[in-house]
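A.B. asks: The structure follows.
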(Lines give C-alpha, C1' and ligand atoms only; values in the text may rest on other atoms or scores of the structure.)
Protein backbone atom coordinates (compact mmCIF):
# COMPACT_ATOMS: atom_id res chain seq x y z
CA UNK A 1 0.00 0.00 0.00
CA UNK A 2 2.80 2.42 0.92
CA UNK A 3 4.53 1.70 -2.38
CA UNK A 4 1.32 2.42 -4.29
CA UNK A 5 0.82 5.67 -2.42
CA UNK A 6 4.38 6.76 -3.13
CA UNK A 7 3.97 5.85 -6.80
CA UNK A 8 0.73 7.81 -6.98
CA UNK A 9 2.39 10.80 -5.31
CA UNK A 10 5.31 10.75 -7.73
CA UNK A 11 2.95 10.44 -10.69
CA UNK A 12 1.14 13.57 -9.51
CA UNK A 13 4.29 15.71 -9.54
CA UNK A 14 6.28 14.13 -12.37
CA UNK A 15 6.09 16.43 -15.42
CA UNK A 16 4.77 14.91 -18.63
CA UNK A 17 6.15 15.59 -22.09
CA UNK A 18 3.36 18.10 -22.59
CA UNK A 19 4.45 19.88 -19.40
CA UNK A 20 8.02 19.94 -20.68
CA UNK A 21 6.94 21.49 -23.98
CA UNK A 22 4.83 24.05 -22.17
CA UNK A 23 7.79 24.90 -19.90
CA UNK A 24 10.05 25.42 -22.93
CA UNK A 25 7.50 27.82 -24.37
CA UNK A 26 7.25 29.52 -20.99
CA UNK A 27 11.04 29.95 -20.98
CA UNK A 28 10.92 31.57 -24.41
CA UNK A 29 8.05 33.84 -23.42
CA UNK A 30 9.69 34.88 -20.16
CA UNK A 31 13.00 35.59 -21.89
CA UNK A 32 11.36 37.65 -24.63
CA UNK A 33 9.04 39.44 -22.23
CA UNK A 34 11.74 40.35 -19.73
CA UNK A 35 14.11 41.44 -22.51
CA UNK A 36 11.33 43.72 -23.75
CA UNK A 37 10.78 45.12 -20.26
CA UNK A 38 14.50 45.72 -19.75
CA UNK A 39 14.65 47.40 -23.14
CA UNK A 40 11.79 49.70 -22.18
CA UNK A 41 13.68 50.60 -19.00
CA UNK A 42 16.88 51.20 -21.00
CA UNK A 43 15.18 53.63 -23.41
CA UNK A 44 12.61 55.01 -21.00
CA UNK A 45 14.91 55.69 -18.06
CA UNK A 46 18.37 55.64 -19.65
CA UNK A 47 18.23 59.06 -21.36
CA UNK A 48 17.13 60.76 -18.13
CA UNK A 49 19.61 63.39 -16.93
CA UNK A 50 21.12 63.06 -13.42
CA UNK A 51 19.34 66.23 -12.29
CA UNK A 52 15.92 65.27 -13.59
CA UNK A 53 12.91 66.44 -11.63
CA UNK A 54 10.59 64.13 -9.71
CA UNK A 55 7.83 64.99 -12.18
CA UNK A 56 9.93 63.79 -15.10
CA UNK A 57 10.83 60.60 -13.24
CA UNK A 58 7.19 59.84 -12.51
CA UNK A 59 6.18 60.58 -16.08
CA UNK A 60 8.83 58.22 -17.44
CA UNK A 61 7.79 55.49 -15.01
CA UNK A 62 4.16 55.99 -16.04
CA UNK A 63 4.97 55.60 -19.73
CA UNK A 64 7.17 52.54 -19.19
CA UNK A 65 4.55 50.91 -16.96
CA UNK A 66 1.77 51.53 -19.46
CA UNK A 67 3.85 49.98 -22.24
CA UNK A 68 4.64 46.97 -20.05
CA UNK A 69 0.90 46.45 -19.56
CA UNK A 70 0.37 46.52 -23.33
CA UNK A 71 3.24 44.07 -23.84
CA UNK A 72 1.69 41.66 -21.31
CA UNK A 73 -1.56 41.67 -23.29
CA UNK A 74 0.32 40.98 -26.51
CA UNK A 75 2.28 38.07 -25.07
CA UNK A 76 -0.73 36.56 -23.28
CA UNK A 77 -2.91 36.59 -26.41
CA UNK A 78 -0.21 35.29 -28.75
CA UNK A 79 -0.29 31.62 -29.86
CA UNK A 80 2.68 30.71 -27.60
CA UNK A 81 1.03 32.56 -24.74
CA UNK A 82 -2.21 30.65 -25.18
CA UNK A 83 -0.24 27.41 -25.27
CA UNK A 84 1.67 27.86 -22.01
CA UNK A 85 -0.65 30.29 -20.25
CA UNK A 86 1.99 33.05 -20.40
CA UNK A 87 2.50 33.24 -16.64
CA UNK A 88 6.01 34.71 -16.98
CA UNK A 89 5.86 35.20 -13.23
CA UNK A 90 6.57 32.60 -10.51
CA UNK A 91 4.08 34.25 -8.17
CA UNK A 92 1.32 33.78 -10.76
CA UNK A 93 2.23 30.12 -11.27
CA UNK A 94 2.29 29.36 -7.54
CA UNK A 95 -0.84 31.41 -6.88
CA UNK A 96 -2.79 29.52 -9.56
CA UNK A 97 -1.41 26.24 -8.21
CA UNK A 98 -2.65 27.16 -4.73
CA UNK A 99 -6.08 27.89 -6.19
CA UNK A 100 -6.18 24.48 -7.88
CA UNK A 101 -5.94 25.87 -11.42
CA UNK A 102 -2.44 24.55 -12.20
CA UNK A 103 -1.38 20.92 -11.56
CA UNK A 104 1.55 20.27 -9.23
CA UNK A 105 3.58 18.55 -11.93
CA UNK A 106 3.72 21.78 -13.96
CA UNK A 107 5.03 24.00 -11.16
CA UNK A 108 8.74 22.95 -10.97
CA UNK A 109 9.43 23.18 -14.73
CA UNK A 110 7.62 26.52 -14.93
CA UNK A 111 9.56 28.01 -12.04
CA UNK A 112 12.83 26.83 -13.57
CA UNK A 113 11.83 28.24 -16.95
CA UNK A 114 10.90 31.62 -15.51
CA UNK A 115 14.09 31.94 -13.45
CA UNK A 116 16.26 30.93 -16.39
CA UNK A 117 14.31 33.27 -18.64
CA UNK A 118 15.00 36.20 -16.32
CA UNK A 119 18.75 35.54 -16.38
CA UNK A 120 18.80 34.92 -20.13
CA UNK A 121 16.87 38.14 -20.79
CA UNK A 122 19.38 40.14 -18.75
CA UNK A 123 22.25 38.73 -20.79
CA UNK A 124 20.45 39.30 -24.10
CA UNK A 125 19.59 42.89 -23.22
CA UNK A 126 23.21 43.64 -22.32
CA UNK A 127 24.45 42.10 -25.57
CA UNK A 128 21.94 44.04 -27.66
CA UNK A 129 22.20 47.48 -26.05
CA UNK A 130 25.75 47.39 -24.72
CA UNK A 131 27.20 49.24 -21.72
CA UNK A 132 24.19 51.56 -21.48
CA UNK A 133 22.32 48.68 -19.82
CA UNK A 134 24.88 48.07 -17.09
CA UNK A 135 25.71 51.74 -16.41
CA UNK A 136 23.75 54.41 -14.57
CA UNK A 137 20.87 55.15 -14.43
CA UNK A 138 19.63 51.85 -15.93
CA UNK A 139 22.00 49.60 -13.97
CA UNK A 140 20.78 46.32 -15.45
CA UNK A 141 17.16 47.51 -14.97
CA UNK A 142 17.34 46.42 -11.32
CA UNK A 143 14.39 47.44 -9.15
CA UNK A 144 15.10 49.54 -6.06
CA UNK A 145 12.74 51.08 -3.50
CA UNK A 146 12.36 54.80 -2.97
CA UNK A 147 13.59 56.74 0.02
CA UNK A 148 11.95 55.75 3.28
CA UNK A 149 10.74 52.34 2.10
CA UNK A 150 11.89 49.52 4.35
CA UNK A 151 12.04 45.80 3.64
CA UNK A 152 8.78 45.32 5.55
CA UNK A 153 6.86 48.02 3.70
CA UNK A 154 8.13 46.78 0.34
CA UNK A 155 7.14 43.22 1.26
CA UNK A 156 3.62 44.27 2.22
CA UNK A 157 3.16 46.24 -1.00
CA UNK A 158 4.52 43.46 -3.22
CA UNK A 159 2.45 40.77 -1.48
CA UNK A 160 -0.73 42.84 -1.60
CA UNK A 161 -0.27 43.59 -5.29
CA UNK A 162 0.05 39.93 -6.25
CA UNK A 163 -2.77 38.91 -3.92
CA UNK A 164 -5.12 41.28 -5.74
CA UNK A 165 -3.97 40.22 -9.20
CA UNK A 166 -4.16 36.48 -8.50
CA UNK A 167 -7.57 36.86 -6.85
CA UNK A 168 -8.88 38.73 -9.88
CA UNK A 169 -7.46 36.08 -12.24
CA UNK A 170 -9.09 33.26 -10.28
CA UNK A 171 -12.45 35.01 -10.08
CA UNK A 172 -12.50 35.89 -13.77
CA UNK A 173 -11.56 32.39 -14.93
CA UNK A 174 -14.12 30.81 -12.58
CA UNK A 175 -17.16 32.98 -13.16
CA UNK A 176 -16.47 35.54 -15.89
CA UNK A 177 -14.94 33.48 -18.69
CA UNK A 178 -16.17 35.98 -21.30
CA UNK A 179 -14.22 38.84 -19.75
CA UNK A 180 -10.92 39.84 -21.45
CA UNK A 181 -8.59 38.39 -18.81
CA UNK A 182 -5.37 39.28 -20.64
CA UNK A 183 -6.36 42.94 -20.86
CA UNK A 184 -7.43 43.00 -17.24
CA UNK A 185 -4.14 41.49 -16.04
CA UNK A 186 -2.12 43.77 -18.30
CA UNK A 187 -3.98 46.79 -16.97
CA UNK A 188 -3.44 45.71 -13.35
CA UNK A 189 0.30 45.27 -13.83
CA UNK A 190 0.51 48.56 -15.68
CA UNK A 191 -1.38 50.36 -12.91
CA UNK A 192 0.73 48.88 -10.14
CA UNK A 193 3.92 49.86 -11.96
CA UNK A 194 2.67 53.41 -12.44
CA UNK A 195 1.53 53.71 -8.82
CA UNK A 196 4.43 51.95 -7.09
CA UNK A 197 7.30 52.34 -9.55
CA UNK A 198 8.84 55.34 -7.77
CA UNK A 199 7.99 53.94 -4.33
CA UNK A 200 8.67 50.20 -4.05
CA UNK A 201 10.09 49.80 -7.55
CA UNK A 202 6.88 48.16 -8.76
CA UNK A 203 8.39 44.76 -9.46
CA UNK A 204 5.46 42.44 -8.59
CA UNK A 205 7.34 39.60 -10.26
CA UNK A 206 10.29 37.60 -8.89
CA UNK A 207 11.50 37.01 -12.45
CA UNK A 208 11.55 40.77 -13.02
CA UNK A 209 14.17 41.22 -10.29
CA UNK A 210 16.20 37.99 -10.31
CA UNK A 211 18.45 38.51 -13.35
CA UNK A 212 19.01 42.26 -12.89
CA UNK A 213 19.80 41.85 -9.18
CA UNK A 214 22.34 39.09 -9.79
CA UNK A 215 24.18 41.01 -12.52
CA UNK A 216 24.07 44.41 -10.80
CA UNK A 217 25.01 43.05 -7.37
CA UNK A 218 22.02 44.85 -5.84
CA UNK A 219 20.86 41.91 -3.73
CA UNK A 220 20.08 43.70 -0.46
CA UNK A 221 16.32 43.25 -0.85
CA UNK A 222 16.40 40.41 -3.35
CA UNK A 223 14.75 37.98 -0.93
CA UNK A 224 11.89 40.43 -0.42
CA UNK A 225 11.31 40.87 -4.14
CA UNK A 226 11.45 37.11 -4.66
CA UNK A 227 9.35 35.90 -1.74
CA UNK A 228 6.78 38.64 -1.02
CA UNK A 229 4.94 38.38 -4.37
CA UNK A 230 4.88 34.59 -4.00
CA UNK A 231 3.42 34.86 -0.51
CA UNK A 232 0.70 37.21 -1.70
CA UNK A 233 -0.16 35.09 -4.73
CA UNK A 234 -0.29 31.84 -2.76
CA UNK A 235 -2.39 33.40 0.00
CA UNK A 236 -4.88 34.68 -2.57
CA UNK A 237 -4.98 31.30 -4.30
CA UNK A 238 -5.61 29.45 -1.06
CA UNK A 239 -8.31 31.93 -0.09
CA UNK A 240 -10.12 31.60 -3.41
CA UNK A 241 -9.90 27.82 -3.20
CA UNK A 242 -11.37 27.84 0.30
CA UNK A 243 -14.21 30.12 -0.76
CA UNK A 244 -15.01 27.88 -3.71
CA UNK A 245 -15.04 24.81 -1.46
CA UNK A 246 -17.42 26.58 0.92
CA UNK A 247 -19.79 27.57 -1.88
CA UNK A 248 -19.90 24.01 -3.18
CA UNK A 249 -21.10 22.66 0.15
CA UNK A 250 -23.37 25.50 1.29
CA UNK A 251 -27.12 24.87 0.78
CA UNK A 252 -29.01 27.36 -1.36
CA UNK A 253 -30.70 30.16 0.56
CA UNK A 254 -34.27 29.16 1.34
CA UNK A 255 -33.74 25.45 0.79
CA UNK A 256 -35.05 22.98 3.31
CA UNK A 257 -35.27 19.19 3.68
CA UNK A 258 -38.08 17.39 1.93
CA UNK A 259 -38.42 19.85 -0.95
CA UNK A 260 -36.19 18.64 -3.78
CA UNK A 261 -37.15 21.53 -6.00
CA UNK A 262 -35.37 23.95 -3.66
CA UNK A 263 -32.51 21.79 -2.43
CA UNK A 264 -29.14 21.90 -4.09
CA UNK A 265 -25.57 23.10 -3.95
CA UNK A 266 -24.16 26.33 -5.23
CA UNK A 267 -21.60 25.47 -7.86
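A.B. asks: Could you tell me how many of the residues in region 102-124 are under 20 Å from residue 14 (Cβ atoms) and surrounded by fewer than 18 Cβ atoms within 10 Å (Cβ to Cβ)?
C.D. replies: 5
A.B. asks: Which of (1) over 30 Å from residue 135 (Cβ atoms); (2) surrounded by fewer than 16 Cβ atoms within 10 Å (Cβ to Cβ); (3) at pLDDT 95 or above is the odd one out, the single condition residue 231 does not satisfy?
C.D. replies: (2)
A.B. asks: Something else now. Just give me the residues in region 201-223 being crowded, with 18+ Cβ neighbours inside 10 Å, assigned to a loop (DSSP other than H, G, I, E, B) and more than 16 Å from the chain's Cα centre (by Cα), in sequence order.
C.D. replies: 221
A.B. asks: Then there is this: Given (1) at pLDDT below 95; (2) buried (at least 16 other Cβ atoms within 10 Å of the Cβ); (3) closer than 23 Å to residue 63 by Cβ, where does residue 180 come up short, assuming only one miss?
C.D. replies: All conditions pass for residue 180, except number (2).
A.B. asks: With the structure loaded, tell me whether residue 71 is modelled with pLDDT of 95 or more and farther than 29 Å from residue 237 by Cβ or whether it fails that test.
C.D. replies: Spelling it out, it is not the case that residue 71 is modelled with pLDDT of 95 or more and farther than 29 Å from residue 237 by Cβ.
A.B. asks: Scan region 77-96 for residues that are more than 12 Å from the chain's Cα centre (by Cα) and closer than 23 Å to residue 211 by Cβ and report the count.
C.D. replies: Number of matching residues: 4.
A.B. asks: Now for a different question. Mind counting the residues in region 66-101 that are surrounded by 19 or more Cβ atoms within 10 Å (Cβ to Cβ) and free of Cβ contacts under 8 Å to residues at least 12 places away in the same chain?
C.D. replies: Of the residues in that region, 0 qualify.
Residues checked against (1) in contact with a helix residue (DSSP H, G or I) (Cβ under 6 Å, 6 or more places away or on another chain); (2) within 20 Å of residue 185 (Cβ to Cβ); (3) at pLDDT 95 or above:
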| residue | (1), (2), (3) |
| --- | --- |
| 17 | no, no, no |
| 40 | yes, yes, yes |
| 51 | no, no, no |
| 61 | no, yes, yes |
| 79 | no, yes, yes |
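A.B. asks: State whether the residues of region 66-76 include one that is more than 15 Å from the chain's Cα centre (by Cα) and either outside any helix (DSSP H, G or I) or farther than 23 Å from residue 48 by Cα (or both).
C.D. replies: Yes; the residues of region 66-76 include at least one that is more than 15 Å from the chain's Cα centre (by Cα) and either outside any helix (DSSP H, G or I) or farther than 23 Å from residue 48 by Cα (or both).
A.B. asks: Now a separate question. Looking at this structure, is residue 166 under 23 Å from residue 243 (Cβ atoms) and modelled with pLDDT of 95 or more?
C.D. replies: Here the answer is yes, as residue 166 does meet what is asked.
The values are calculated or read from the model by the stated rules, or taken from the named source; none is laboratory data. From a predicted model like this one, the values you see are computed outputs, not experimental measurements. Positions of Cβ are generated from backbone atoms using ideal geometry, with glycine treated the same way; all protein chains shown enter the neighbour counts.
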